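The values are calculated or read from the model by the stated rules, or taken from the named source; none is laboratory data. Keep in mind the model is a prediction, meaning the values are calculated, not measured. Glycine also receives a Cβ, built like all others from the backbone with ideal geometry; neighbour counts cover every protein chain displayed.
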Amino acid sequence: MHLIDMPDVNAGKTTGPAYLLLDGGTLRLDHMLMKRIVVQNAKVVYDGGPLMLTNVYFVNCTFSVSHEKKGEMFIDALMSPDVQTNLTVS
């Protein structure tokens, strides 16, 4: 998990946890690249900025999402029949 325009400090690592667990608090998604993350018991905020989600799960979260095209794309991805959320918005 890192800002889209920042380097991935874990690139090239051969071992590590399968998933990162984020529990509680407020998570702002704008300008984030997130892979293999479980977000639970959190307030998730998305205002329509660039976003890349791969194998991200939301459990018992509340959402504050902007009412615009990118916000609608995010909600559609959340409501898809897939168990996990995969989304790229630029």
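Structural remarks
- Residue count, the stretch 48-86 (criterion: buried (at least 16 other Cβ atoms within 10 Å of the Cβ) and under 15 Å from L3 (Cα atoms)): 5
- Odd one out for G16, checked against (1) at pLDDT 95 or above; (2) more than 19 Å from S90 (Cβ to Cβ); (3) not in a strand (DSSP E or B): (1)
- Filter pass, N10 being in contact with a Gly (Cβ under 7 Å, 6 or more places away or on another chain), modelled with pLDDT under 90 and exposed (fewer than 14 other Cβ atoms within 10 Å of the Cβ): yes
- Residues (surrounded by 11 or more Cβ atoms within 10 Å (Cβ to Cβ) and in a loop (DSSP other than H, G, I, E, B)) located in the stretch 25-38: L29, D30, H31
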